[in-house]
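Worksheet: the structure to be examined is printed underneath.
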Amino acid sequence: MLKLLSATRIPLLIGAAAVAALTVAEFLMPTDWRAALREVGFDQVLAADRALRPTDTGRAGPPVVVVDIDRRTLQAIGPWPWPRASVAQLIDAIAVHKPAAMAVDILFADRDPRSTAAASRPRTQPTAAPQLSALAEQTAEGDQQLAQAGRAVPLVLGFVLDPERPGTPPQVPIITRNAPRLDQLWSARGAAAPPLLLTGRASGLGALSLPANRDGVVRYVPLLVGVGGNILPGLAVESLRVARGGSAYLLQADPLLLATADLQIPLNPDALLRLVPASPPASDARTISALDVLQGRASANRLAGAIVLVGGSAPELGGLRETVGDPLTPSVQIQANAVEQIRDGRFPRPVGHARAAQTLLVFLLGALALAASIVLPPVFGTVGLAIIIAVTWAGAIASSMLGDRLVDPLTPSLAGVAVFAIASITSFAVTYRREALVRQRFEQHLAPAVVRRIVEHPTLIKLTGERREVTSLFTDVEGFTALTHRADAEALVDVLDHYFEGIAGLIVEHGGMVDKIVGDAVHALFNAPIDLADHPRQAVACAVALRSWTASYRQSAGPAALRFGRTRIGIETGEAIVGDVGLRSKLDYTAYGDAVNAAARLEAANKELGSSICVGPAAAARCDPEMLRPLGTIIVRGRDEPLAVFEPWPPDAPAQWRERYRAAFALAERDPLQAAAAFDELAAEPADDPVPKLLAARIRAKAAKV
């Protein structure tokens, strides 16, 4: 049996199970799966951070400029790859403006393969810089010229991790303190690096390699990498070391920190720097075309004292990477973003004990979402969930802006939405089933408005059983058994159909509930299954309406032809046990108690009393005395004491006749014989009221016994 309480209990249990399952799943989820969701959440938080953070942050340090070998430059100078002599001339053109340092985001592995072949380039090749072409065609080795260019400016070259090429490139001293542990350091067996001729003249060497997440998006730049068991810096941090005149690095534990010159860089165990998504306008503002530099059109003020990164946005250079918001970001721009972040002291990192904190946040949002779905109506629950999620995101963004600490709000938000959806769907299913149950139980027995109240407020009733005061009403058709022997079956069923429809309509109209129909009898309850104000009076008023309607119905063609009998009604008020009783497949909402039994006995007593309606003493005491006439006292089965019973006045009884009736009844205790005579006189006046005549006979019989 489905309890109405399950409308809350079942969604609560299923929602709680969903919260527990999602919490456990978050804790046990493989690292790669967790990272995929976490990084997307971090993307959104950092993007909001960037949008909300003031643009003028009071940066200290040299500006960052990107010299871009773009498509326009290649069209003017020649196709990629260039001879290293050509790259050397570009470096010389930049060095003239005295930058603080220059980093080249191009790998010069092995010796220059094109230095002696430059002269074979077709003369029809268009060029906007004849002096660059002439330099490329000189017979001197390109590596020598590039090495010579490295003397004119602090130059940082790059290497890439290569598991197929063992060996370690030359490295800047890294001093360790307190045995720092970089358990998750990005490492390889070897590296592809420039030849010694170049690295010997360069001021620094940094890793060009950029790690991508499982979705192929570059979100991190390595601050340190491992090569053949040694630790080397990344290109971005190496550029800043050279620009600030640092001679070495200090790597320490407790806290894990990388220091050089005046930089203090907090590290994660993987030594990766989480990038803040850069805005395209900011990237464009710091970028100068390499062609403009070669042709002398670059502003000297922009390059002087700057950290210049040389790279290419042209696809031919092979340096395009997918980043957050841009599937084709030049790697030199990624390195430039990293340089600016380190310079500005921005090191976004997950909060401490990130895994436990994330699991706790999933649990909290799931629990709050469950509470919103259970406690609040659907619309307000949805609004509440939206507020909870908004607060979570606002907290994550504030954590990033105020402390560079990253909290993933996406995974907990998805968990909250999932729990809310599961609990809401379950609640809807339970509510739908409960409403169907309520309608099945009551829609034929109660007024539609009452059924709607029960559906909207299921706590108004207790289908599982309760004690409550009810007024019970029983009806029965006089002489029905004999009628069934003489009547045509089809005609009788048709008459009964209309009879029960009329009876049920009047009961529902007066706020009662049709409990059951058995044969020709109808049992109705007032003040069940929900409260009905002044229910005894409502039941008596309903009985009066039934008396009038059934009297009229008996005169219609069908009932008159069958000689359909008079309807007798019994009414009593008292405490009863009400609720669903029966088998699972067939439940019946009914009532048990003395009041129910008494109403049935009172209905049967009408035969003895001559009345149509017999109202018990408890119900009569709750009604206006002017509504009822006394019928005397009777003994009913199941009761030891006599019951004073009453009947609503006949509708055609005049006021004077009613006064004489009361006077005769009051006289019965003092002078029974005189009272009986008075009732005989009253019986002679109304044509269709056997009550006075039978009451006179009962008084005489009682007096004779005395």
With +1 assigned to the C-beta of every Lys and Arg and -1 to the C-beta of every Asp and Glu, and no other charges, what is the dipole magnitude of the stretch 462-514 about the Cα centre in debye, to the nearest 20?
380
Scalar couplings 3J(HN,Hα) for the stretch 388-402 by Karplus 6.51 cos²θ - 1.76 cosθ + 1.60 (θ = phi - 60°), nearest whole Hz, x for Gly and Pro, are 4, 5, 4, 5, 4, 5, 4, x, 5, 5, 4, 4, 5, 6, 8
Within the stretch 26-48, list the residues whose amide N lies under 18 Å from a label point set 7 Å along Cα→Cβ of MET401.
42-48
Ignoring ligands and nucleic acids, what accessible area does CYS614 show with a 1.4 Å probe (Å², nearest 10)?
0
By its C-alpha gyration tensor, with a ≥ b ≥ c as the square roots of the eigenvalues, how is the stretch 506-591 shaped: rounded for a/c under 1.5, else prolate for a/b larger than b/c, else oblate?
oblate
Among ALA533, PHE159, VAL419, the residue whose Cα sits farthest towards the positive end of the charge dipole of the chain (+1 at Cβ of Lys and Arg, -1 at Cβ of Asp and Glu, taken about the Cα centre) is PHE159
So who's got an amide H within less than 5 Å of the one on SER289, skipping anything under 5 residues away but keeping other chains? H placed 1.01 Å off N, in plane.
ASP68
Degrees separating the helix 31-52 axis from the principal Cα axis of the chain, which is the longest one:
80
Using 1/(1 + (r/R0)^6) with R0 = 25 angstrom and r between the beta carbons of VAL160 and ALA304, what's the FRET efficiency to the nearest 0.05?
0.25
Taking only the Cα positions of the stretch 136-241, the convex hull volume per residue in Å³ is 139
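Mind ranking THR359, THR484 by accessible surface for me, highest first, 1.4 Å probe?
The residues order as THR484, THR359, largest area first.
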Using a ≥ b ≥ c from the Cα gyration tensor of the stretch 354-395 (square roots of the eigenvalues), is it rounded, prolate or oblate, where a/c under 1.5 gives rounded and otherwise the larger of a/b and b/c decides, a/b for prolate?
oblate
Under the 0.36 nm per residue contour assumption, what length would be gained going from the current alpha-carbon distance of ALA20 and THR8 to full extension?
2.5 nm
Radius of gyration and Dmax over the Cα atoms of the stretch 168-326, both given in Å
17.0, 52
In nanometres, the difference between 0.36 nm per residue of separation and the alpha-carbon distance of VAL518 and ALA35 is 167.0 nm
How would MET102, MET401 rank on accessible area, largest to smallest, probe 1.4 Å?
MET401, MET102
By how many nm would the segment from ARG151 to ALA253 lengthen if fully extended, with 0.36 nm per residue of separation less the alpha-carbon distance?
33.1 nm
Give the residues of the stretch 607-634 whose amide nitrogen is closer than 18 Å to a point set 7 Å from the Cα of ASP594 in the direction of its Cβ.
615-622, 633-634
Charge dipole of the stretch 550-706 built from unit charges on the beta carbon (Lys, Arg +1; Asp, Glu -1), centred at mean Cα; most positive-end Cα among LEU631, ILE613, ALA557 is ALA557
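I'm a student and want to see the number: the projected area of the Cα convex hull of the stretch 618-657, averaged over all directions, in nm². Intermediate values should be presented prior to the final figure.
Working: hull surface 13.8 nm².
For the stretch 618-657, the mean projected area of the Cα convex hull comes to 3.4 nm².
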Per residue convex hull volume, Cα atoms of the stretch 468-518, in Å³:
85
May I ask for log10 I(q)/I(0) of the chain at q = 0.11 Å⁻¹, from a Debye sum over the Cα atoms as equal point scatterers with solvent left out?
-1.08
Considering all projection directions equally, how large on average is the shadow of the alpha-carbon convex hull of the stretch 257-308, in square nanometres?
5.6
Rounded if a/c is under 1.5, else prolate if a/b is larger than b/c, else oblate: which is the stretch 540-667, with a ≥ b ≥ c the root eigenvalues of its Cα gyration tensor?
oblate
For the stretch 601-680, just list the percent of Cα-Cα distances falling in each 10 Å bin from zero outward, please.
17, 48, 33, 3
Could you compute how much accessible surface GLU659 exposes when probed at 1.4 Å, giving the result in Å² to the nearest 10?
110
Given H placed on each backbone N at 1.01 Å, which residues far from PHE108 in sequence or on other chains put an amide H within less than 5 Å of it?
GLY158
Computed from every Cα-Cα pair in the stretch 324-422, P(r) in 10 Å bins starting at 0 and rounded to whole percents is 15, 33, 27, 17, 7, 1
Among THR590, THR168, PRO81, whose Cα projects farthest towards the positive end of the dipole of the chain, with charges put on the beta-carbon of Lys, Arg (+1) and Asp, Glu (-1)?
THR168
Where Lys and Arg each count +1 and Asp and Glu each count -1, what net charge lies around ARG355 among other residues with Cβ under 12 Å from its Cβ?
0
Convex hull volume per residue in cubic angstrom - Cα atoms of the stretch 302-372
165
Helix 354-375 vs. the chain, principal-axis angle (Cα, 0 to 90°, nearest 10):
30
To the nearest 10 Å², what's ASP652's accessible area with a 1.4 Å probe?
120
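First measure r as the distance between the Cβ atoms of ALA701 and ALA551, then evaluate 1/(1 + (r/R0)^6) with R0 = 30 Å and state the FRET efficiency to the nearest 0.05.
Rounded to the nearest 0.05, the efficiency is 0.55.
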What distance in nm lies between label points placed 7 Å from Cα along the C-beta direction at GLN171 and ARG355?
2.8
Could you size up the charge dipole of the chain around its Cα centre, putting +1 on the beta carbon of Lys and Arg and -1 on that of Asp and Glu, and report it in debye to the nearest 20?
1580
Residues of the stretch 623-654 with amide N under 20 Å of the 7 Å Cα→Cβ point at ALA684:
653-654
Accessible heavy-atom area order of SER548, SER299, highest first, probe of 1.4 Å:
SER548, SER299
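With charges set only on the Cβ (+1 for Lys and Arg, -1 for Asp and Glu), what does the dipole of the stretch 533-574 come to about its Cα centre, in debye to the nearest 20? Walk me through the intermediate numbers first.
Details: 6 positive and 2 negative charges, 53 e Å.
With only Lys, Arg, Asp and Glu charged at Cβ, the dipole is about 260 debye.
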Within a Cβ distance under 9 Å of ASP215, other residues only, what is the Lys/Arg minus Asp/Glu net charge?
-1
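The values are calculated or read from the model by the stated rules, or taken from the named source; none is laboratory data. Quick caveat: nothing in here was measured; it's all calculated off a predicted structure. Note that we place each Cβ from the backbone using ideal geometry, even for glycine, and neighbour counts take in every protein chain shown. To get the accessible areas, we keep the full protein, side chains included, count just its heavy atoms, and leave off ligands, DNA and RNA. Shrake-Rupley method; radii C 1.70, N 1.55, O 1.52, S 1.80 Å.
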